[in-house]
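S.K.: Provided herewith is a single structure, encoded as structure tokens, for subsequent inquiry.
The numbers here are math on the coordinates, done by the rules we state, and not lab data. Since this is a predicted model, take the numbers as computed values, not measurements. All Cβ positions, even for glycine, are placed from backbone atoms using ideal geometry, and neighbour counts span all protein chains on display.
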Amino acid sequence: MKEQLEQIKLNALAALDAAATPASLEELRVKLLGKKGELTAVLKQMGKLSPEERPIMGQMANAVRADIEAKLEERKAAIHAAVLEAKLAAEAIDVTIPGETVAVGHQHPMNQVLQEIKDIFVGMGYTVVDGPEVEFASYNFTRLNIEEGHPSRDRSDTFYFDDNDEVLLRTQTSSMQIRFMETHTPPLCMLAPGRVFRKDEADATHSPMFHQIEGLVVAENITMGDLKGALINIMNKIYGHDAQVRFRPHHFPFTEPSCEMDMQCHKCHGTGEIDGNVCSTCHGEGWIELLGAGMVHPEVLRNCGIDPDKYSGFAFGIGLERTAMGRMKINDLRLIFDNDVRFLNQF
Ligand code: DAH
């Protein structure tokens, strides 16, 4: 019996050493220590032993059981660790493999210029406002002193929504002058950037949709000198140097007197030609029209409930695309709207 126990122990330890999975360990546990197991079978024969032998064999059997149990625990821990190790190895992430580059976008060049311009005006105390693109003719035309029958109201120039020509896609951000003055009292300083729409054929300097930035200042004793000073100051800030600009007399129904401001062509530097050919950016003019401006017409002030005898003001409308073209040295307006990434990536 003693040999039997020795044999069971030796076989058990060897089998446990060879077991590699939790399932095979469990199978061995049942086989060795279970009710129908080998050890139990031996213990059942204890009755046949003499009273002197019985406690000795009993002790020995218990020691064998303890050894097997200890080995079982040891193997359990080892197998658990091995399984964990294998799992970690299989699921490991190699952090040294270079990742896929994510293309990071940036603001559209025109928005970059708009942001710069807004910052400049905010720094000068202007309030930046937004307004509707679908507008009433009364704001876009009538209250701006643009009379019935004026060519800009023509259906061949303006997109209307109705048969009475009362609702339209705004053709100018000047509508915001009225909207701002009817809700604010002087002194006031407003900047209103936004999209405007006209039935224009697209070419290097025209597009049926483009952006304007409307400016309006109304207070006591505002003069044309303030207008010129403000605009020259702003152009120098936008272009970062002594901007070459010129003012020309012009006519707008909502300002009196009115003017336009041109910027020297950045492509031909005012000569109007490139290598003997007419400059395609300014059509040979040497100058690019950037904005219309003027002293707010007394009638427009009156239309908004502001007393023209007490207050005066100036207004201007900057063409954003053209300003961006000069600022970013872009030669064709259509590039701004094409959204070709090869173009956009340059900014
Ligand atoms: N709204 C005019 C246009 O689209 C531009 C303009 C001219 C705006 C004179 C003004 C202004 O505010 O005073 O051509």
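S.K.: Expected output is a single nm value to one decimal: the length gained when fully extending between ALA66 and ASP165, i.e. 0.36 nm times separation in residues minus the C-alpha distance. What is it? Numbers along the way, then the final one.
M.R.: Values: separation 99, 0.36 × 99 = 35.64 nm, distance 10.21 nm.
Contour length minus the Cα-Cα distance gives 25.4 nm.
S.K.: Here's a follow-up. Arrange CYS282, CYS268 by Cβ neighbour counts within 10 Å, fewest through most, would you? It would help to have the intermediate numbers written out before the result.
M.R.: Details: CYS282 24, CYS268 21.
Neighbour counts put them in this order, fewest first: CYS268, CYS282.
S.K.: I need two numbers for region 236-347: Rg to one decimal and Dmax as a whole number, Cα atoms only, in Å.
M.R.: Cα radius of gyration and Dmax of region 236-347 are 17.6, 55 Å respectively.
S.K.: Rounded to a whole number of µm²/s, how large is the Stokes-Einstein D of region 109-344 at 37 °C and 0.692 mPa s, given Rh as the Kirkwood radius over C-alpha pairs? Intermediate values should be presented prior to the final figure.
M.R.: Numbers: Rh = 18.4 Å.
Rounded, D is 179 µm²/s.
S.K.: Considering the options MET1, VAL30, ALA78, tell which one lies farthest towards the positive end of the dipole of the chain, charges being +1 on Lys and Arg and -1 on Asp and Glu at the Cβ, about the Cα centre.
M.R.: MET1
S.K.: Run the numbers for THR21 and ALA41: contour at 0.36 nm per residue of separation, minus the present Cα-Cα distance, in nm. Kindly include the intermediate steps, with their values, before the conclusion.
M.R.: Details: separation 20, 0.36 × 20 = 7.20 nm, distance 2.61 nm.
Gain in length upon complete extension: 4.6 nm.
S.K.: In debye to the nearest 20, how big a dipole does region 6-105 give about its Cα centre with +1 on each Lys and Arg Cβ and -1 on each Asp and Glu Cβ?
M.R.: Values: 13 positive and 15 negative charges, 149 e Å.
So the magnitude is around 720 debye.
S.K.: I would also like to ask the following. Quote the charge dipole size of region 109-344 about the Cα centre in Debye, to the nearest 20; the model charges only the Cβ of Lys and Arg (+1) and of Asp and Glu (-1).
M.R.: Numbers: 21 positive and 35 negative charges, 135 e Å.
That gives region 109-344 a dipole magnitude of about 640 debye.
S.K.: Fewest Cβ neighbours within 10 Å first, please rank VAL128, VAL30 accordingly. Let's see the in-between values first.
M.R.: On the way: VAL128 14, VAL30 11.
Ordered from fewest to most neighbouring Cβ atoms within 10 Å, VAL128, VAL30 come out as VAL30, VAL128.
S.K.: Considering only DSSP states other than H, G, I, E and B, which trypsin sites (Lys or Arg not before Pro) in region 276-347 qualify as loop sites with at most 11 other Cβ atoms within 10 Å? Don't skip to the answer; put the middle values down first.
M.R.: Numbers: sites: ARG302, LYS310, ARG322, ARG327, LYS329, ARG334, ARG342; in loops: LYS310, LYS329.
Those that pass, being in a loop and sparsely packed, are LYS310, LYS329.
S.K.: Divide, for region 185-238, the radius of gyration over alpha carbons by 2.2 N^0.38 Å, where N is the residue count. Walk me through the numbers on the way to the answer.
M.R.: Numbers: Rg = 14.9 Å, N = 54, 2.2 N^0.38 = 10.0 Å.
So region 185-238 has a normalised radius of gyration of 1.49.
S.K.: Another question, then. For region 172-212, what value does the Rg/Rh ratio take when both radii are computed over Cα atoms and Rh is the Kirkwood radius, given to two decimals? Could the numbers behind the result be given before it?
M.R.: Details: Rg = 13.6 Å, Rh = 11.8 Å.
For region 172-212, the value is 1.15.
S.K.: In whole angstrom, note down how far apart the Cα centers of region 130-185 and region 269-347 are.
M.R.: If you average the Cα positions of each part, the centres end up 20 Å apart.
S.K.: Would you mind ranking ASP165, ASP338 so that the residue whose beta carbon has the fewest other beta carbons within 10 Å leads the list?
M.R.: Details: ASP165 15, ASP338 11.
If I rank by nearby Cβ atoms, fewest first, I get ASP338, ASP165.
S.K.: Further question: Short version: what are the Cα gyration tensor semi-axes of region 2-90, square root of 5 times each eigenvalue, largest first, in whole Å? Show your work: numbers first, answer last.
M.R.: Numbers: eigenvalues 208, 24, 16 Å².
Over the Cα atoms of region 2-90, the ellipsoid semi-axes are 32, 11, 9 Å.
S.K.: Hey, what's the per residue convex hull volume over the C-alpha atoms of region 73-128, in cubic angstrom?
M.R.: Working: hull volume 10.8 nm³, N = 56.
It comes to 193 Å³ per residue, whole-number rounded.
S.K.: I've got another one for you. State which entries of LYS9/LYS87; LYS31/LYS71; LYS237/LYS267; LYS2/LYS71 exceed 26 angstrom in Cα-Cα distance in the structure shown. Working shown, then result.
M.R.: Working: LYS9/LYS87 33 Å; LYS31/LYS71 14 Å; LYS237/LYS267 20 Å; LYS2/LYS71 20 Å.
Flagged as over cut-off: LYS9/LYS87.
S.K.: Something else: Calculate for the chain the 222 nm mean residue ellipticity that helices alone would give, adding -39,500 (n - 2.57) per DSSP H run of length 4 or more and normalising by residue count, nearest 500 deg cm²/dmol.
M.R.: -12500 deg cm²/dmol
S.K.: While we're looking at this one, here's another question. Please list the helices of the chain that count as membrane-span-like by this rule: a mean Kyte-Doolittle hydropathy of at least -1.0 together with Cα atoms stretching 15 Å or more along the helix axis, each helix being a complete DSSP H run.
M.R.: Working: long enough: 2-18 (24 Å, -0.11); 22-33 (16 Å, 0.28); 53-91 (57 Å, -0.13); 109-123 (21 Å, 0.17); 224-239 (22 Å, 0.39).
Both cut-offs are met by 2-18, 22-33, 53-91, 109-123, 224-239.
S.K.: Taking 0.36 nm per intervening residue step and subtracting the Cα-Cα distance, what contour gain separates ARG334 from ASP130 on full extension?
M.R.: Values: separation 204, 0.36 × 204 = 73.44 nm, distance 2.47 nm.
Between ARG334 and ASP130, full extension yields 71.0 nm more.
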